[in-house]
Amino acid sequence: MVSRELIARHCICCGSDQLQRSPAVLMPFVALRVFGHEPVEITADWGLRDLREGMAYTLCNSLQCQDCGVLFLDFRFTDEQMAALYHNYRDAQYNAQRIRYEPGYASVVEHYEQRAGYLAEVEDWLAPRLPPAPAVLDWGGDSGINSLFLKQNRCLHIHDISGVELVPGVKRIGSEQLGRERYDLVVCSEVLEHVSSPQDLIRQMLPAMSPHTLLYIEVPHEALVRQNPNSFDLAPLKRHWHEHINFYTETALRRLLERLGLQVVDTLNLPVDLGWTRSEVLGVLARLA
Ligand SMILES: [Zn+2]
């Protein structure tokens, strides 16, 4: 099964083997949590006759699919490695460890504790296609603080591997309960950029969908992709990888969904001002074909 290669040789969205490849480094915080690697200086003491002295970081490759344009890290972390990377995500110890490598993270982390302002615009975009109080499943929704229709729903369920405390009005459900509710909307927002196999993840959502259910997928529209529209020469421009290991194009999301028997209904490009940074999200709305 090509979707679980540990070092990708096929596209994670469309399966193509036409990949542009360019060397890059895995940022030290991720390398530490996933592999236990720390940056190290190779000095004369090492006695290595054929290697140059200097800093060594965890090496990887940037890959860009020449068919659908998705740009991604070649390492495809195992479930265990992913669990290590996201263990106690954004708790005090996680934040302290991360700030040691990335001092700038200290000013960013506080913004994650408030509901993001752009969500109202996404709700406005979705609302005309939904009942006034929709039944919503938020896949990977964390505490529910950023769940769509948090204030206006018939039910709001969260399926999330983290054990964080939920905001009021939200209910956590396990995999075995997925088929029990008729959801109007299944949401997977700001998750697919982190996962090793987006195909496997979306496939897990299918039991929660009936023919009338809409699936809303949202990912960051990364600056590198935005600033180089339709470029198939992005791999040499991506020299480091962090927790976003997949940079999607709209075409890549379409190919991914179509391979799973889903039909794209509409797409959304939305500029967002998160307070500490301006960016853009890419949303795709789909249903069972
Ligand atoms: Zn592809």
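The values are calculated or read from the model by the stated rules, or taken from the named source; none is laboratory data. Please read all numbers here as calculations on a predicted model, not as lab measurements. Neighbour counts run over all protein chains shown; Cβ positions are idealised from the backbone, glycine included.
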* To do: Give, as residue ranges, the strands (runs of 3 or more DSSP E) completely inside region 48-144 that count at least 3 residues that are within 25 Å of residue 226 (Cβ to Cβ) and either away from the ligand (no atom under 16 Å from the Cβ) or more than 17 Å from the chain's Cα centre (by Cα) (or both).
  => 59-65
* Structure fact -> By residue number, the members of region 1-47 that are in contact (Cβ under 8 Å) with a residue 12 or more places away in the chain and among the small types (Gly, Ala, Ser) are 3, 8, 15, 16, 22, 24, 31
* To do: Kindly indicate the residue of region 273-289 that is farther than 23 Å from residue 130 by Cα and not basic (Lys, Arg) and also farthest from the ligand (Cβ to nearest atom) among those meeting that condition.
  => 275
* In region 173-213, the residues that are within 20 Å of the chain's Cα centre (by Cα), over 22 Å from residue 125 (Cβ atoms) and part of a loop (DSSP other than H, G, I, E, B) -> 194, 195, 196, 197
* Structure fact -> When region 238-253 is checked residue by residue, the ones that are touching a residue at least 40 places away in the same chain (Cβ under 8 Å) and either within 16 Å of the ligand (Cβ to nearest atom) or within 16 Å of residue 70 (Cβ to Cβ) (or both) are 238, 241, 244, 245, 246, 247, 248, 249, 251, 252, 253
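The rows are residues; the columns are (1) of a type outside the set (Lys, Arg); (2) assigned by TED's automatic domain parsing to the domain that holds residue 160; (3) crowded, with 18+ Cβ neighbours inside 10 Å.
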site: 194; (1), (2), (3): yes, yes, yes
site: 207; (1), (2), (3): yes, yes, no
site: 210; (1), (2), (3): yes, yes, no
site: 229; (1), (2), (3): yes, no, no
site: 232; (1), (2), (3): yes, no, no
site: 242; (1), (2), (3): yes, no, no
site: 256; (1), (2), (3): yes, yes, yes
site: 259; (1), (2), (3): no, yes, no
site: 276; (1), (2), (3): yes, yes, no
* Pick from region 214-256 the residues that are part of a helix (DSSP H, G or I) and within 19 Å of residue 196 (Cβ to Cβ): which of them is farthest from the chain's Cα centre (by Cα)? -> 235
* Would a scan of region 7-23 turn up a residue that is at pLDDT below 95, within 16 Å of the ligand (Cβ to nearest atom) and either of a type outside the set (Val, Ile, Thr) or assigned to a strand (DSSP E or B) (or both)? -> no
* Could you say whether any residue in region 203-218 is in contact (Cβ under 8 Å) with a residue 40 or more places away in the chain, touching an Asp or Glu at 6+ places or on another chain (Cβ under 6 Å) and not charged (D, E, K, R)? -> no
* Asked: Does residue 219 fit the bill of being of a type in the set (A, V, I, L, M), more than 16 Å from the ligand (Cβ to nearest atom) and surrounded by 22 or more Cβ atoms within 10 Å (Cβ to Cβ)?
  -> no
* Would you check if residue 229 is away from the ligand (no atom under 16 Å from the Cβ), of a type outside the set (Gly, Ala, Ser) and without any contact (Cβ under 8 Å) to a residue 24 or more places away in the chain? => yes
